[in-house]
Amino acid sequence: MVVEGAVVCRSSVVGLGVLSVVAESARREQVGLGRSVFFGVQVQKMGAGMSARSGERPAAVPSASGDTSQQTDFKSVSDDEWRKRLTQQQFYVARKKGTERAFTGEYWNTKTAGTYLCVCCKTPLFSSSTKFDSGTGWPSYYDSIGENVKSHMDWSIPFMPRTEVVCAVCDAHLGHVFSDGPRPTGKRYCINSAALDLKSEKQ
Ligand SMILES: [Zn+2]
C-alpha cells in the first residue's frame, strides 16, 4: 500500500549536531527494535575498505556525518525517534518498508551530479555516476557505494521472491535490486526517493 497525500519534504536540514545528540541519548536509553542484529554487520568505516569496482570512481565519498556514524548505533534508534527525525513519507518507506508510487518521488528523474545519502543516517549509498533511466519511475542505479548497501531475500509477496536492499549502517529499507540492469554490473537497484538524500557536488 502507498500512503496517499503524504507530505514529502526533505529533512536534510536536520542539524547533524542535533542528530548525533538525539541518537546518543536514544542509545543511552537502550531502546531496542528487536531487529537490530538484522545482518549482524558492523558499522561501516566510511571511506575505508571500500572496493572501487569496474573502474568506477573511488567509493571513498566522505560521510556527511563524519565520525559520528561510526560511534552512533543507529540500529538501536526507536521508531519514535525516527518519527521525529523523518517526514511521514520517509518514515513509512525507510523504517516500515513502504514503497512510494512510481513517478512521484523526488529523484526518479534527477540528473544532478552528486551522492545519494541514506535519509536516516547520511551514509553515502549511491553515486549519480551510476544512475540510469530505467523507465520505472523510481531512481535506479547499477551499483552501490562500497559495502554500504546490504541485500537479502524478501518473501513479502508470495511466490515472488525479490532481493531487498537496506542501508548497512541503520537497516533503512531502500528498495530492491534486480538482475536486469545495464553493464557493467547488470544490476538494477530500484530505490525509493524517500529513502535518499541527494548531496549535490556543488554543495
Ligand atoms: Zn542508513
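Here, each number is a calculation from the coordinates, and none is a lab measurement. Quick caveat, the model's predicted, so the values are computed rather than measured. Cβ: placed from backbone, ideal geometry, glycine included. Neighbour counts: every protein chain shown.
For the stretch 72-129, what does the equivalent ellipsoid look like in terms of its semi-axes, each the square root of 5 times an eigenvalue of the Cα gyration tensor, given largest first in whole Å?
Its equivalent ellipsoid spans semi-axes of 22, 16, 8 Å.
In the stretch 138-203, which trypsin sites (Lys or Arg not before Pro) are in a loop and have at most 14 other Cβ atoms within 10 Å, using DSSP for the loop call?
In loop regions of the stretch 138-203 (DSSP not H, G, I, E or B), the sparsely surrounded trypsin sites (Lys or Arg not before Pro) are Lys202.
Around Ala113, with a cut-off of 9 angstrom between Cβ atoms, what is the net charge of the other residues, counting Lys and Arg +1 and Asp and Glu -1?
+1
Can you tally the net charge around Trp82? Count Lys and Arg as +1, Asp and Glu as -1, for every other residue whose Cβ sits under 10 Å from the Cβ of Trp82.
+2
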